[in-house]
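Working notes for the structure below.
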Amino acid sequence: RMQNSRSKPCSCPSLKLREVASMYFTLVAAFLVILVVALQGSAPRGSDFPYKVPLDPQGLLELSWNVSYPEQAVHFQLLIRELQFGLLFGMSDRGEFENADLAVLWSDGHNSYFGDAWSDAKGQLHMDSQQDYQLLGARRAPEGLYLLFRRAFSTCDPKDYLIEDGTVHLIYGILEKPVHSLQAINISALHRGLQRVQLLKPNISIPELPRDMKTMEITAPDVVIPSQETTYWCYMAELPEGFPKHHIIMYEPVVTAGNEALVHHMEVFQCAAEFDSFPHYNGPCDSKMKPDRLNYCRHVLAAWAMGAQAFYYPEEAGLAFGGPGSSRYLRLEIHYHNPLVFKGRRDSSGIRLYYTATLRPYDAGIMELGLVYTPVMAIPPGEDSFILTGYCTDKCTQLALPAAGIRIFASQLHTHLAGRKVVTVLSRDGREQQVVNADRHYSPHFQEIRMLKEVVAVFPGDELITTCTYNTEDRSRATVGGFGILEEMCVNYVHYYPQTQLELCKSAVDPGYLHRYFNLVNRFNDEEICMCPQVSVPQQFYSIPWNTFNRDVLKSLYGFAPISVHCNKSSAVRFPGEWEKQPLPSITARLRERAPRCPPRPEPQPAAPIPLHLGQLRRD
């Protein structure tokens with residue numbers, strides 16, 4: 001019967017081969033159990049797991065990992081400092097505990113088990129029929145229990161999370177009581193949380209650093225972290241008088257010991273050169289005491305987020321700072337995430353810059369791609385995935401880029417609170433060539449400058465198209481573009497060399513076409529709404545009744561209407577040329593989505609957890 005059900009008998013392995021495969025995987029499972037029992041003792045070497053992040057605010061769970069691109073797999077090491085009756089660890093689309101992909105360690109107080117599980121839309125746990133979190137060992141050490149396991153990027157199991165480039169939302173839950181089965185675990189009753197990381201770090205060779213390299217630390221001056229969940233702290237620093245031009249060639253975080261779970265992200269900004277001086281300041285960034293002039297310190301020199309390591313510039317380029325035409329004033333901004341509201345914690349975290357007086361061949365530059373900060377680009381309320389696109393057109397790159405082109409080596413994506421996905425694609429002659437950077441699980445709470453896996457060459461006449469996807473299901477009125485946190489942005493800050501005069505290459509819909517849209521809405525609407533020119537664009541958007549017709553027409557307007565292009569020099573002056581009412585770039589060939597690579601599979605085995613010999617577990 002089995003042969004009859006197959007249209008191509010040749011594609012099915014012989015029975016003997018299948019029996020051998022089945023025996024092999026059974027032996028592997030048995031070996032893992034023996035391995036788990038045997039591996040009691042010293043902790044694994046930290047060098048085996050170069051990336052590290054605390055999962056919880058207290059630092060009781062510490063995740064380390066490495067990435068194997070040849071194997072297309074991630075190896076995890078989870079340190080549990082105070083093991084109670086087990087834990088859940090896993091991944092989900094945006095950090096939810098429903099529809100999550102989980103590795104679970106649980107104990108009934110006498111016996112412990114490890115298994116690959118998934119949660120359904122109601123948060124109920126189920127053992128996965130395909131066990132893809134592969135346990136490699138469990139080791140007790142003085143600092144706690146080390147759990148080692150492996151997971152392929154792609155498993156082709158519909159219940160599993162696809163590990164891809166960009167942000168990954170990791171979730172954890174601590175079992176504080178014994179449970180007699182996986183199904184008995186009540187997810188909603190757990191002490192639980194989430195952590196965002198970039199799991200798939202680029203495999204970049206570290207450039208050789210020069211002998212005359214010096215370091216400079218821009219750090220907070222022993223501040224007391226406020227006892228509230230979220231604080232943005234600002235501190236002004238300055239370079240020495242007469243500091244000549246140098247190249248920053250690397251930077252790394254300096255995090256005060258014990259505060260690793262509180263320091264969420266940090267940035268160093270250089271101030272605008274047109275001001276001779278900036279006031280000293282050390283306090284919350286949103287304080288009324290903060291001088292307004294600090295808002296002119298927005299040129300990013302360095303950015304770090306939790307889980308990131310050192311950032312290296314390519315050996316041909318460095319980021320210039322110091323010298324004529326460069327401000328001596330720097331602003332450090334630290335985001336403290338303190339959900340447990342610790343009191344009296346002191347902090348001197350910041351960023352260590354590595355710089356050289358021996359200038360490299362090229363100055364690195366930063367260019368803004370995406371949408372102009374303008375209310376003409378808006379998202380209706382109640383949308384689960386509304387798309388807006390910003391264009392850096394062929395006309396602009398033709399005019400502003402050197403004949404030999406530029407090389408993009410890093411990227412920082414940016415939206416406000418409604419952003420869910422950001423993708424920038426390089427297009428040439430109407431054909432998409434490659435993805436510059438993509439984050440399909442983007443979070444506005446996790447923004448870092450990411451080194452690209454491969455340098456992207458951009459030539460005159462190329463187009464850079466940045467698409468952002470937004471979710472406004474929790475909003476009752478339109479969300480317009482702008483600087484406010486409840487307004488929206490769609491930006492990719494690309495880091496490249498050699499530096500050019502082009503600092504901003506973005507677009508927005510033509511305002512005249514938007515005015516026609518408002519007139520159309522007025523004509524088809526039952527109630528009279530004021531769509532008069534004297535009413536601001538945000539007010540016009542706020543007064544639209546968001547029925548299906550008005551939503552669909554706005555979507556199609558953004559998909560066909562001409563655009564206003566901002567092809568700007570550093571001085572915020574446009575390059576000479578005609579930039580209004582420009583046609584949308586037409587794409588004739590799109591990149592194909594790569595099909596996930598599925599690892600070879602044995603015949604299905606009954607889904608069963610692996611017993612672990614961890615001794616009797618009990619409450620502390």
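The values are calculated or read from the model by the stated rules, or taken from the named source; none is laboratory data. These numbers were taken from a predicted model, which means no experiment stands behind them. Note: ideal-geometry Cβ built from the backbone for every residue, glycine included; neighbour counts use all protein chains shown. Keep in mind that these areas ignore ligands, DNA and RNA; they rest on the heavy atoms of the full protein, side chains included. Shrake-Rupley method; radii C 1.70, N 1.55, O 1.52, S 1.80 Å.
What part of the accessible area of region 205-360, given as a whole %, is carbon or sulfur when the probe is 1.4 angstrom? Don't skip to the end; give the middle numbers.
On the way: 3600 of 7240 Å².
Within region 205-360, the accessible surface is 50 percent carbon and sulfur.
Report, ordered by chain and residue number, the lysines lying within cross-link reach of Lys122, taken as a straight Cα distance under 22 Å and ignoring same-chain residues fewer than 8 apart.
In chain and number order, the partners are Lys159, Lys177.
Using Cα-Cα distances under 8 Å and only pairs 6 or more residues apart, what relative contact order does the chain have, in percent? Show your work: numbers first, answer last.
Numbers: 1447 pairs, mean separation 95.1, N = 620.
The value is 15 percent.
Starting at the first residue of region 57-66, write each ³J(HN,Hα) from the Karplus equation 6.51 cos²θ - 1.76 cosθ + 1.60 with θ = phi - 60°, in whole Hz, x for Gly and Pro.
Result, ordered by residue: x, 7, x, 6, 10, 10, 9, 10, 7, 9 Hz.
Do any trypsin sites (Lys or Arg not before Pro) in region 500-596 lie in a DSSP loop with no more than 16 other beta carbon atoms within 10 Å, and if so, which?
Working: sites: Lys506, Arg516, Arg523, Arg551, Lys555, Lys569, Arg574, Lys581, Arg590, Arg592, Arg594; in loops: Lys581, Arg590, Arg592, Arg594.
Those that pass, being in a loop and sparsely packed, are Lys581, Arg590, Arg592, Arg594.
How much net charge surrounds Val425 when only the other residues with a Cβ under 9 Å from the Cβ of Val425 are counted, with Lys and Arg +1 and Asp and Glu -1?
Values: positive: Arg590; negative: Glu432, Glu463.
Neighbour charge sum, excluding Val425 itself: -1.
Would you tell me the accessible area of Thr215, worked out with a 1.4 angstrom probe on the heavy atoms of the protein chains, in Å² to the nearest 10?
Its heavy atoms expose roughly 80 Å² to the probe.
What is the set of long-range amide H partners of Leu591 at a cut-off below 5 Å, with H atoms built 1.01 Å from backbone N?
Answer set, sorted by chain and number: Glu432.
Sequence-distant or interchain residues sharing an amide H contact under 5 Å with Leu452, placed H: which?
Amide H neighbours of Leu452, under 5 Å, 5+ apart: Ala410, Ser411.
Per the 1.4 Å probe, what fraction of the accessible area of region 51-201, in percent, lies on carbon and sulfur atoms? All intermediate terms of the calculation are to be shown ahead of the outcome.
Working: 2470 of 5280 Å².
Whole-percent figure for carbon plus sulfur exposure: 47.
With a sphere of radius 13 Å drawn around the Cβ of Asp394, what net charge do the other residues whose Cβ falls strictly inside it have (Lys, Arg +1; Asp, Glu -1)? Don't skip to the answer; put the middle values down first.
Numbers: positive: Lys395, Arg428, Arg431; negative: Asp429, Asp462, Glu463.
Local net charge: 0.
About the Cα centre, and with charges only on the beta carbon of Lys, Arg (+1) and Asp, Glu (-1), how big is the dipole of region 205-360? Nearest 20 debye, please.
Taking the Cα centre of region 205-360 as origin, the dipole is about 220 debye.
From the Cα trace of region 537-582, what convex hull volume per residue do you get, rounded to a whole Å³? Provide the component values of the computation, followed by the final result.
Details: hull volume 4.4 nm³, N = 46.
Taking only Cα atoms, region 537-582 has a hull volume of 97 Å³ per residue.
I want the local charge near Gly512. Using Cβ-Cβ distances under 10 Å, sum +1 for each Lys or Arg and -1 for each Asp or Glu among the other residues.
Working: positive: Arg516, Lys581; negative: Asp510, Glu580.
Once positives and negatives cancel, what remains is 0.
Taking chymotrypsin sites (Phe, Trp or Tyr not before Pro) that fall in a DSSP loop and have at most 14 other Cβ atoms within 10 Å as cut points, what is the longest piece of the chain between them? Numbers along the way, then the final one.
Details: sites that count: Phe275, Phe483.
Of all site-free stretches, the longest is 1-274.
Per residue, how much accessible surface does the chain expose to a 1.4 Å probe? Answer in Å², no decimals.
Working: 29200 Å² over 620 residues.
Heavy-atom SASA per residue in the chain reads 47 Å².
Exceeding 32 Å between C-alpha atoms, which entries from my cross-link table qualify? They are Lys201/Lys581; Lys453/Lys506; Lys288/Lys343; Lys290/Lys581; Lys453/Lys569; Lys288/Lys581.
Check vs 32 Å cut-off fails for Lys201/Lys581; Lys290/Lys581; Lys288/Lys581.
When the helices in the chain are scored as -39500 (n - 2.57) per DSSP H run of 4 or longer and the sum is shared across all residues, what 222 nm value do you end up with, to the nearest 500 deg cm²/dmol? Intermediate values should be presented prior to the final figure.
Details: 5 runs with 64 residues, N = 620.
Only helices count here, giving -3500 deg cm²/dmol.
In region 310-403, which GluC sites (Glu not before Pro) are in a loop and have at most 16 other Cβ atoms within 10 Å, using DSSP for the loop call?
On the way: sites: Glu315, Glu316, Glu333, Glu368, Glu383; in loops: Glu315, Glu316, Glu383.
Hits after loop and neighbour filter: Glu315, Glu316.
Read phi for every residue in region 433-445 and hand back ³J(HN,Hα) as whole Hz from Karplus 6.51 cos²θ - 1.76 cosθ + 1.60, θ = phi - 60°, with x for Gly and Pro.
Taking θ as phi minus 60°, the curve returns 9, 6, 7, 7, 7, 9, 9, 7, 10, 4, 10, x, 8 Hz for region 433-445.
Provide, as a two-decimal number, the C-alpha radius of gyration of region 51-201 over 2.2 N^0.38 Å, N being how many residues it has. Walk me through the numbers on the way to the answer.
On the way: Rg = 14.2 Å, N = 151, 2.2 N^0.38 = 14.8 Å.
With N residues counted in region 51-201, Rg over 2.2 N^0.38 Å equals 0.96.
Can you give me the P(r) profile for the chain? Cα pairs, bins 10 angstrom wide beginning at 0, each as a whole percent.
All Cα pairs considered, the percentages come to 3, 14, 22, 24, 20, 12, 5, 1, 0.
Would you please name the GluC sites (Glu not before Pro) within region 430-534 that are DSSP coil residues with at most 15 other C-beta atoms within 10 Å of their C-beta? Walk me through the numbers on the way to the answer.
Numbers: sites: Glu432, Glu448, Glu454, Glu463, Glu473, Glu487, Glu488, Glu503, Glu527, Glu528; in loops: Glu448, Glu473, Glu487, Glu527, Glu528.
When the GluC sites (Glu not before Pro) of region 430-534 are filtered for loop state and at most 15 Cβ neighbours within 10 Å, Glu473, Glu527, Glu528 remain.
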